[in-house]
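Working notes for the structure below.
Computed from the coordinates by the stated procedures, all read-outs in this text should not be read as laboratory data. Every value quoted in this text rests on a predicted model; they were computed, and no experiment measured them. Quick reminder, even Gly has a Cβ in these numbers, built from the backbone with ideal geometry, and neighbours come from all protein chains shown.
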Amino acid sequence: MVKKGIPEKASLSKKNGTYELPAITKEILCPVCNEKGLKMTRTIYSLPDGDDVLIILLECNKCNYKKSDMVSMFNAFKPGEYVLTVDDGDFTHKIFRGARGDLEIPEIGMTIERGPAATFDFTNVEGILLKMKTQLEFFLRTTPTDTIEWQNANESLKSFNEAYSKQMAFKLILRDKEGGSYISPTNEEKMIFTAY
Ligand SMILES: [Zn+2]
């Protein structure tokens, strides 16, 4: 199933009038103190205009880190592939990576895959780009310059700079087999969601 824009809200099953959210089975690490046991509360509110929103509240009782976010319920947590086209310099599309969400920007030739101890990640396109930049620069610093790997990474850095300076359009692809990730675009026209 290929669909332009955001996934259907109807993909979430309803029980006793409320949506059933996929259970969070993994221990969540706190992004600040790195301790296990971050508490995630998810609440769905129905707005007067008929839209439902999901409020996510993250709380760490070890370091008192607290963060909340609001997501349109059209962004159901379905397993699938989100392809976001970034061709207008807007880096503010929100991205939520679950523990199994892998990211790719083909134009830069880079992927960020999840490790076994991965935690969730709330960020936006700019946050992803900066993460890639850090990884590329680290790789270039620590790899011998006469290797093909260094050459490839150096090419990636050139493409990265074009993308980051908004001179090159690119696609951000988020794949999640377990359905714990989503992209909340500022403009629905820029995204295509394909369910697995
Ligand atoms: Zn903490």
Quick one: which of 101-109, 140-148, 123-131 comes out on top by average Cβ neighbours within 10 Å, and what's the full order, highest first? 101-109, 123-131, 140-148
Under 19 Å by backbone N from the virtual spin label 7 Å along Cα-to-Cβ at Glu126, the residues of segment 155-178 are 160-172
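Give, in nm to one decimal, the length gained when the segment between Glu113 and Glu155 is fully stretched (0.36 nm per residue of separation minus the Cα-Cα distance).
13.1 nm
Given a cut-off of 21 Å, name the pairs among Lys66/Lys133; Lys158/Lys190; Lys131/Lys171 whose C-alpha atoms lie farther apart than that in the structure shown.
Details: Lys66/Lys133 27 Å; Lys158/Lys190 24 Å; Lys131/Lys171 16 Å.
From the list (Lys66/Lys133; Lys158/Lys190; Lys131/Lys171), the Cα-Cα distance tops 21 Å for Lys66/Lys133; Lys158/Lys190.
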